1. Please indicate, with yes or no, whether at least one residue in segment 108-131 is closer than 24 Å to Gly178 by Cβ and of a type in the set (Val, Ile, Thr).
2. Which count do you get for residues in segment 182-219 that are in contact with a Leu (Cβ under 7 Å, 6 or more places away or on another chain) and of a type outside the set (S, T, N, Q)?
3. Quick check on segment 326-377: of everything there that is under 27 Å from the mean Cα position of the chain (by Cα) and of a type in the set (Lys, Arg), which residue is farthest from Leu47 (Cα to Cα)?
4. Condition first: of a type in the set (Val, Ile, Thr) and closer than 30 Å to Val338 by Cα. Now tell me which residues in segment 159-209 satisfy that.
5. Which numbered condition trips up Ser195, out of (1) of a type outside the set (A, V, I, L, M); (2) within 24 Å of Phe234 (Cα to Cα); (3) surrounded by 13 or more Cβ atoms within 10 Å (Cβ to Cβ)?
6. So, His267, is that one more than 19 Å from Gly247 (Cβ to Cβ) and either assigned to a helix (DSSP H, G or I) or not hydroxyl-bearing (Ser, Thr, Tyr) (or both) or not?
7. Of the residues Leu67, Leu75, which is under 18 Å from the mean Cα position of the chain (by Cα), outside the structural domain of Leu166 (by TED's automatic domain parsing) and under 22 Å from Cys160 (Cα atoms)?
8. Being closer than 17 Å to Phe234 by Cβ and among the hydrophobic types (A, V, I, L, M, F, W, C) narrows it down to one residue among Leu111, Leu166; which is it?
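The values are calculated or read from the model by the stated rules, or taken from the named source; none is laboratory data. It should be emphasised that the depicted structure is a prediction, and the values quoted were computed from it without experimental measurement. Using ideal geometry, Cβ is built from the backbone for each residue, glycine included, and neighbour counts are taken over all protein chains shown.
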Amino acid sequence: MSDLVDEASHSTHAEAFTLNQHQATTHVARDSCAYNQFPLNKLEERLALLRFDSDDAESRAEALQALCAAALDRLPLPGHGHTALRWSALAAVAACDLALVKLYEGHTDALAILAELDAASLAAPHTRWGVWAAEPPRPKLEARAGSAGALVLHGVKPWCSGARALTHALVTASRDDGAPVLAAVDLAQRSISVSDAGWQAVGMAATGTAEVRFDGANAVQVGEPRAYLERPGFWHGGAGIAACWYGSAARLGATLRAGVARRRDPHGCAHLGAVDTQLAAAGALLRETAAWIDRHPDADAMRGALRARLAVEHAANAVLMHVTRALGAGPLCGEHRVARAVADLPVFLRQSHAERDEAALGAALVDASAERSADAPATPERAWRLDDT
């Protein structure tokens, strides 16, 4: 069973948030990059010192800047042999604060994208990045051809987390010919303005999310058209979001364990047992998915990523239900950290597409079964096997 950390320790250094157990020696890293020497213990020690007493976005921006200054943003790249370690870092930051991990995950995802698309040189020291890829029907962001191969951005991008806190962003846009592109943009330009009009959230309020308008901002295209969506790392990053959900759910589970330990009533124990079961299963699937990605770094990870995201989403929703039913209104009204997490997590979970993702996973499974049947019609299904053969 997955052990839950004692809340009294106020520490994020706990087995509940660590996904890289037995992972380091399982697979050979694809390179010897210093990213793979990430000091998770140091990150957890830094996080244990953080206290957020309000929902102001500036405090999260300052925390992100401090983590970057300490080089604690240089996570192992996904698919390079240490994906579970990367996700453990995301889970640890999420256990500390979900608004902070929203900024931290976006920044570290941007670094991974730039590395994958051979544009790592754009990530200069002391820069803080976001990935702004929301694509609602309206408004649209256009990328027009500029001089010397540059892009010029026109339009509005909604739901930009950390809009006032970051120095740079990767934004999705449509080129003149309709092709989708990814653009790197310096946010210090006068042609960029920020509006809070489209973000009225209570949960995740401290992310400083806003609507950003680009009126002729200069940008650089990253990769070929459609490269952002078609690269293997797209689904690696998507599964990493689930590690953030997991970290927050595990911290709430720790709160429940501490409360049940004080009272030890049978109903509380039942809720705790249910929470532990959910977290253990979700953590095991995240570790399995990370190991698969490290074994198949260039393969299409859509099915595994969707499966992990959906499983963690279900687990996190179950944890929210059990924790609030077991502990009642007390922590929700009297403990700011718990109240904030319970308000933030449901909003963050809506980064899942719920039944649409379940439908996409089901369709992908049917398609895969049809392909296997066509290749080897006499081969029986062995879905019950646990030895991965």
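1. yes
2. Applying the first criterion (in contact with a Leu (Cβ under 7 Å, 6 or more places away or on another chain)) to segment 182-219 yields 182-185, 187, 204, 207, 214, 217, 219.
Subset that is of a type outside the set (S, T, N, Q): 182-185, 187, 204, 214, 217, 219.
Of the residues in segment 182-219, 9 are in contact with a Leu (Cβ under 7 Å, 6 or more places away or on another chain) and of a type outside the set (S, T, N, Q).
3. Residue satisfying both the conditions and the ranking: Arg356.
4. Our first condition is that a residue be of a type in the set (Val, Ile, Thr); within segment 159-209, this holds for 167, 171-172, 181, 185, 192, 194, 202, 207, 209.
Within segment 159-209, Val202, Thr207, Thr209 qualify.
5. (2)
6. Details: more than 19 Å from Gly247 (Cβ to Cβ): yes; either assigned to a helix (DSSP H, G or I) or not hydroxyl-bearing (Ser, Thr, Tyr) (or both): yes.
Here the answer is yes, as His267 does meet what is asked.
7. Residue meeting the stated conditions: Leu67.
8. Details: Leu166 fails: closer than 17 Å to Phe234 by Cβ.
Exactly one residue qualifies, and that residue is Leu111.
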